[in-house]
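Notes to accompany the following structure.
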Amino acid sequence: MYGKGILRGLSVTFKHFIQTYVDDLRYGWRKYSNKEDNFAIRQGPEAKGAFTVQYPDEKIAVPERFRFTPFLVVEDYDHPERPGQDWCTSCGICAKVCPPQCIWIVRGEDPNTGRPIPEPEAFFIDIDICMNCGYCAEFCPFDAIKMDHDYEMASYDRTKYHIHDKQRLSKEFSYWKSIAPTTAYEEMQARGGWEHSDVLKEKKKREKAAAKAE
């Protein structure tokens with residue numbers, strides 16, 4: 001009322017402005033020289049004054065649920081049975097639910113019979129069109145597409161670098177577990193194991209067949 005709210009807001013701004021210089025005088029160059037030790041302090045709850053991050057030399061860790069462009073999950077390259085195998089079955093659900101329609105999939109075919117096989121021959125995502133909504137990852141029935149944490153993708157040639165192909169989109173399952181351990185664990189519990197859902201189904205079939213044979 002009568003500008004009191006504006007004055008309170010300006011007082012907070014002015015307080016931070018003064019504390020910035022007081023903090024700089026207290027620490028001197030040490031505030032920015034030893035970045036590894038001081039960065040956590042400057043971004044912590046006890047920090048005073050300016051909270052500016054010296055990007056790109058300093059970067060704030062993104063939350064686990066942070067989402068940017070999607071990527072495709074493949075088996076680890078040192079997997080004993082399925083090294084580098086795609087989790088994607090090229091069912092096309094992600095392309096159907098994508099609001100801006102930025103996903104293109106080419107389904108693989110058996111070279112001998114010409115019949116479709118459950119893996120993508122080609123997979124493209126235009127990151128300039130992608131709105132990072134996460135629908136593709138949410139609706140994927142095989143947990144094969146996830147939202148990445150890599151947000152530094154600027155370039156001067158959008159036709160060459162901004163359309164990601166299957167080679168660039170494919171990342172190991174261990175990478176997903178490293179950037180989103182809690183989410184990966186929750187998905188594992190829902191699937192019933194760390195393996196791909198098709199692999200888990202085959203194991204259950206073999207166990208049932210072995211049980212009947214006994």
State yes or no: is SER174 polar (S, T, N, Q), surrounded by 12 or more Cβ atoms within 10 Å (Cβ to Cβ) and in contact with a helix residue (DSSP H, G or I) (Cβ under 7 Å, 6 or more places away or on another chain)? no
Kindly list, by first and then second residue, each pair from a residue in region 194-214 that is hydrophobic (A, V, I, L, M, F, W, C) to a residue that is in a helix (DSSP H, G or I), limited to pairs with Cβ atoms under 6 Å and residues at least 6 apart or on different chains. TRP194/MET188
What pairs come out if I take residues in region 3-16 that are on the phi > 0 side of the Ramachandran plot and pair them with residues that are of a type in the set (Phe, Trp, Tyr) and surrounded by 10 or more Cβ atoms within 10 Å (Cβ to Cβ) whose C-beta lies under 9 Å away, six or more apart or interchain? none
Can you tell me which residue within region 106-134, out of those that are of a type in the set (Val, Ile, Thr) and under 24 Å from THR183 (Cβ atoms), is surrounded by the most Cβ atoms within 10 Å (Cβ to Cβ)? ILE125
For a quick check of your reading of the model, give me the residue pairs whose first member lies in region 120-144 and is within 18 Å of HIS162 (Cα to Cα), whose second is hydroxyl-bearing (Ser, Thr, Tyr) and in a strand (DSSP E or B), with beta-carbon atoms closer than 9 Å and at least 6 apart or on different chains. PHE123/SER170
Can you find even one residue in region 51-73 that is within 18 Å of TRP176 (Cα to Cα), over 19 Å from the mean Cα position of the chain (by Cα) and surrounded by 14 or more Cβ atoms within 10 Å (Cβ to Cβ)? no
Quick one: is TYR151 over 14 Å from the mean Cα position of the chain (by Cα) and either modelled with pLDDT under 95 or assigned by TED's automatic domain parsing to the domain that holds LYS96 (or both)? no
When PRO181 is evaluated against the numbered criteria (1) loosely packed, with under 14 Cβ neighbours inside 10 Å; (2) without any contact (Cβ under 8 Å) to a residue 12 or more places away in the chain; (3) not basic (Lys, Arg), which criterion, by number, is the only one it fails? (2)
May I ask you to verify whether PRO99 is touching a residue at least 24 places away in the same chain (Cβ under 8 Å), surrounded by 12 or more Cβ atoms within 10 Å (Cβ to Cβ) and either in the same structural domain as ASP23 (by TED's automatic domain parsing) or more than 24 Å from ILE179 (Cα to Cα) (or both)? no
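The values are calculated or read from the model by the stated rules, or taken from the named source; none is laboratory data. Bear in mind the structure is a predicted one, so any value in this text is a computation, not a measurement. Because the Cβ atoms are built from the backbone with ideal geometry, glycine has one as well, and the counts that use them run over all protein chains shown.
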